[in-house]
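Colleague: I have a structure here, written as structure tokens, and I will follow up with some questions on it.
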Amino acid sequence: MSVEHASKRIIEGYVRGGVDLSADEVWAVEAHLEMCRVCRDRLSAAVGAGVPAVASLVDTVWSGLEPQLAVTATMPRRRRRSAPLSRWMTPTMVPWLAMVVGVTLLALLLDLSGTGSGEVSLVLLLAPVLPVLGVAASWSRGLDPAYELTASVPRAGLYLVLRRTASVLAVVVPLLLVGGWVTGVMVAQWLLPCLAFTSTTLALGGVVGVTRAAVVLATVWAVLVVAPTLATSRTAFALQTGGLPAWGLILALGVGVVIARRGAYTVLGTHQ
Amino acid sequence: MTTGKNMGREHHMTSAVSAADIAPTAYAWEIRATGLKVKVGRKRMAVDGLDLSLGIGVHGLLGPNGAGKTTLIRALATVLRPTEGSLELLGESVGGMGEHRAVRRRIGYLPQEFGYYKRFTVREFVEYMAWLKEVPKADIPAAVQRAVERVGLAERADERMKALSGGMVRRVGIAQAIVNDPTILLLDEPTVGLDPAQRLRFRELLQELGKDTCVLVSTHLVEDVAVACTDVVVFAEGRLVFQGSPDELVSVGGPEHVGDSPLERGYSALLLNPEQGRGTW
């Protein structure tokens, strides 16, 4: 891109106060100077050489400003990247995610050593509720000190909910993938319940608050699936391949409700 | 220092006025509530039929504890939905469901319980808030620096929040509220934890902000209102008791009322007899 710069005649005329320039030339050169560093340099050189009155005025202004500038701390020119991670998860989510990772590893270890619950894979049993814990942590009033501020910003709402949920899933899903691969459980068998539970938490969370929804769903899961499975040492029907269409349906429903009620995520009630 | 060097320093100059600045406003009041009711919990109506119009300037929101000041400010910050009545911010109705992103971009809010992340530095926290408030990415560093300088924390900007005193944390709260150059600024008890000197500087900042912003400051300290506010709103039991200038509030009180200053006497006179003060003065 070639830029046309102001001519020497115009710059010098402008320095002399613009008396021998026409009005449109003055207007054009001012607009150009606002954007062009090269011509500002030429202007200041011309001022320094040709018009001592203006140069001394500028110096006076600078000497007046300098004491004030000296006491104001300047912004550091180069800084380390400021926590881009915080745009995906709040700092308070990190310990919770660490806990979720720990629980998964423990379940995996028990599965592999065979001391778990016999025929049933613990990873499979826990997979649906693990991300729910992380999602709950990201919207909990008790865990996130800045919850009220967060609720009041334009970026709050479905966008932030999905962003934080995605970051939870980004940590949990790869881990479960490894766990599933090691223990030989089919991916869809845990991934569908896992996503279905997450979407249901968000859908219910829009009504009663995300943390409350997570507690309710985790309890329901523990009572209806985990307890009978551990008691009978047989994989519950819900986790067998026959249950997959039902999980798919729940997932679709959950996503539908979340989208339909997206306005609900901007109020304080969601943080309960 | 040569002038050439200084003038050659690159600034990203933009035109002094943008189209948005000179566009005519399509509303008469920045904040306008009619018959506003906001419920807290299942039963209690914390704001009960409020009619209030606020324009540019500094408005002090006075009222006894439990009068519903925080609930009102939360409703104005659009984090609580009104149960009844209408609420218009910057000409847009914010009563119903919806994300109100455009309006929220122009609101600054300091909650009463200002929660923050201890491990963040001041700059990181204000930057994070600027990002949440959808300040354009390129403008964030300068906007953060300006906000931090305005509250006098430029020297401490790169210290972690946990190393700050209570008053400084409060100032970070004010900095995050003004980082997006809001048109409506809602401050809930901003002077708590500030020492007298800081309080003076805060009042100066309020007066400066009040020139082009609709500032609503809730407080239970009458002397905050006397100096910094152009307009006083007295709020009790969810209703508007008085709206007028500080001088008008003074004129309500007489020597028989309790209080150390004329303003306090006016305030306690209103709370004794709420019916008397209603309406215009």
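The values are calculated or read from the model by the stated rules, or taken from the named source; none is laboratory data. Since this is a predicted model, take the numbers as computed values, not measurements. Note: accessible area is taken over every heavy atom of the protein model, side chains too, but ligands, DNA and RNA are not part of it. Shrake-Rupley method; radii C 1.70, N 1.55, O 1.52, S 1.80 Å.
Colleague: Out of residues 5 or more away from B:I56 or on other chains, whose amide H comes under 5 Å of its own, with H placed 1.01 Å from N in the peptide plane?
Modeller: Amide H neighbours of B:I56, under 5 Å, 5+ apart: B:E30.
Colleague: What pairs in B:K69/B:K211; B:K37/B:K211; B:K69/B:K133; B:K39/B:K211; B:K43/B:K69 have C-alpha atoms more than 27 Å from each other?
Modeller: As for pairs spanning more than 27 Å Cα to Cα, those are B:K37/B:K211; B:K39/B:K211.
Colleague: Moving on. At a probe radius of 1.4 Å, figure out the A/B buried accessible area, summed over both chains, and give it in Å² to the nearest 100.
Modeller: 4600
Colleague: Would you mind checking which residues have amide H under 5 Å from B:R44's amide H? H placed 1.01 Å from N; only 5 or more apart, or other chain.
Modeller: Here the answer is none, since no amide H 5 or more places off falls under 5 Å of that of B:R44.
Colleague: Strictly greater than 32 Å: what percent of every Cα pair in chain B meets that?
Modeller: Cα-Cα pairs of chain B separated by over 32 Å account for 28 percent.
Colleague: Evaluate 2.2 N^0.38 Å with N set to the residue count of the stretch A:8-71, then give the Cα radius of gyration divided by it.
Modeller: Cα-based Rg divided by the globular estimate yields 1.26.
Colleague: Take the Cα coordinates of chain A, assign each an equal point scatterer, and use the Debye formula without solvent to give log10 I(q)/I(0) at q = 0.11, 0.14, 0.15 Å⁻¹.
Modeller: Log-scaled intensity ratios, in q order: -0.70, -0.96, -1.06.
Colleague: So, one more: For the protein assembly as shown, what is the accessible area per residue in Å², given a 1.4 Å probe and the full set of protein chains?
Modeller: For the protein assembly as shown, the per-residue accessible area is 48 Å².
Colleague: If amide hydrogens are placed 1.01 Å from N in the peptide plane, which non-local residues have theirs closer than 5 Å to the one on B:L240?
Modeller: Placed amide hydrogens put B:D51 under 5 Å from B:L240.
Colleague: To continue, here is another question. Step through the residues of the stretch A:254-268 one at a time and calculate ³J(HN,Hα) from phi using the Karplus curve (6.51 cos²θ - 1.76 cosθ + 1.60, θ = phi - 60°), rounding each to whole Hz and writing x for Gly and Pro.
Modeller: Values per residue, Gly and Pro as x: x, 4, x, 5, 4, 5, 5, 10, 5, x, 6, 8, 9, 10, 4 Hz.
Colleague: Quick one: what are the phi-derived ³J(HN,Hα) couplings along the stretch A:197-206, Karplus 6.51/-1.76/1.60 with θ = phi - 60°, whole Hz, x for glycine and proline?
Modeller: Going residue by residue, I get 5, 4, 5, 5, 4, 5, 5, 5, x, x Hz, with x marking Gly and Pro.
Colleague: Within straight cross-link reach of B:K137, meaning Cα distance under 16 Å, which aspartates and glutamates are found once same-chain residues fewer than 8 apart are removed?
Modeller: List returned: B:E124, B:E127, B:D181.
Colleague: List the extent of the Cα atoms of the stretch B:117-180 along each of their three principal axes, largest first, rounded to whole Å.
Modeller: So the three principal-axis extents are 30, 21, 16 Å.
Colleague: OK, next. For chain B, what does -39500 (n - 2.57) per DSSP helix run (n ≥ 4), summed and divided by total residues, give at 222 nm, in deg cm²/dmol to the nearest 500?
Modeller: Helices in chain B give a 222 nm mean residue ellipticity of -9500 deg cm²/dmol.
Colleague: Quote the Stokes-Einstein diffusion coefficient, in whole µm² s⁻¹, for the protein assembly as shown, based on the Kirkwood radius over alpha carbon pairs, a temperature of 4 °C and a viscosity of 1.567 mPa s.
Modeller: Translational D for this selection: 47 µm²/s.
Colleague: Starting from the Cα coordinates of the stretch B:89-216, work out the convex hull volume and express it per residue in Å³.
Modeller: 111
Colleague: Whole-Hz ³J(HN,Hα) for each residue in the stretch B:222-238, computed from phi via Karplus 6.51 cos²θ - 1.76 cosθ + 1.60 with θ = phi - 60°, x for glycine and proline: what do you get?
Modeller: Working through the residues one at a time gives 5, 5, 4, 5, 4, 8, 8, 9, 8, 8, 10, 10, 9, 10, 9, 6, x Hz.
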